[in-house]
1. For L7 and F69, compute 0.36 nm times the residue count separating them, minus their Cα-Cα distance, and round to one decimal in nm.
2. Pull out the extension gain between I92 and L127, defined as 0.36 nm times the separation in residues minus the alpha carbon to alpha carbon distance; nm, one decimal.
3. Once you compute Rg and the Kirkwood Rh from C-alpha atoms, what is the Rg to Rh ratio for the stretch 30-83?
4. Could you compute how fast the stretch 1-72 diffuses translationally, taking Rh as the Kirkwood radius over C-alpha pairs and applying Stokes-Einstein at 25 °C with viscosity 0.890 mPa s? Give it in µm² per second.
5. To make sure I understand, if each residue's beta carbon is the centre and we count other beta carbons within 10 Å, what order do L107, L45 fall in, fewest to most?
Amino acid sequence: MKLLICLILNVSTDSIIHPIKGLHDSRAQISDIHPNLIKDILPHLSSEIKVKLKGCIGDPIETDLISLFIKLSESNDNGVSVVMAMSKKVNIGLILTDPVAQSLISLSHQYDDDTSNNTLQKSLLILSQTLLLLSLILMRIKHPVQIS
């Protein structure tokens with residue numbers, strides 16, 4: 001049995017003035033954001049890919065996938081690019097997967113210790129997010145993504 005870990009992290013982007021409270025959910029399989037949190041930058045975001053998400057209960061919901069650079073609010077690093085679902089049905093404004101939250105925390109500590117060491121970590125996260133996005137594009141979303 002896997003232990004559920006939930007923490008609140010304050011994250012921000014260059015485009016949003018106020019920090020966003022993000023829930024670090026260790027069991028989440030994809031990061032999620034409510035469109036109201038990014039309404040000012042929404043017209044500038046590309047959301048050409050749609051996926052269907054299935055929670056523990058209820059019907060699957062269709063969402064857009066977006067890519068957004070985020071960082072811990074109190075951090076001086078540049079943040080990471082995160083591919084996430086965007087839906088009005090998100091209970092909490094922002095849900096972060098464990099790998100994303102761990103990367104944000106790790107980058108923040110690395111930047112504080114030695115700003116030059118975080119480049120590889122960021123590059124690897126961006127590469128993994130890009131590969132996820134490319135695999136979804138190549139699949140052409142023939143089968144809805146079922147997340148429980």
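Every number here is computed from the coordinates shown, using simple stated rules; none is lab data. If you're wondering where the values come from, they're calculated on a predicted model, not measured in any experiment. FYI the Cβ positions are ideal-geometry reconstructions off the backbone, even for glycines, and counts take in every protein chain you see.
1. Additional length available on full extension: 20.3 nm.
2. Value of the extension gain: 9.9 nm.
3. Expressed as Rg/Rh, it is 1.02.
4. Translational diffusion coefficient: 175 µm²/s.
5. So the residues, fewest neighbours to most, are L45, L107.
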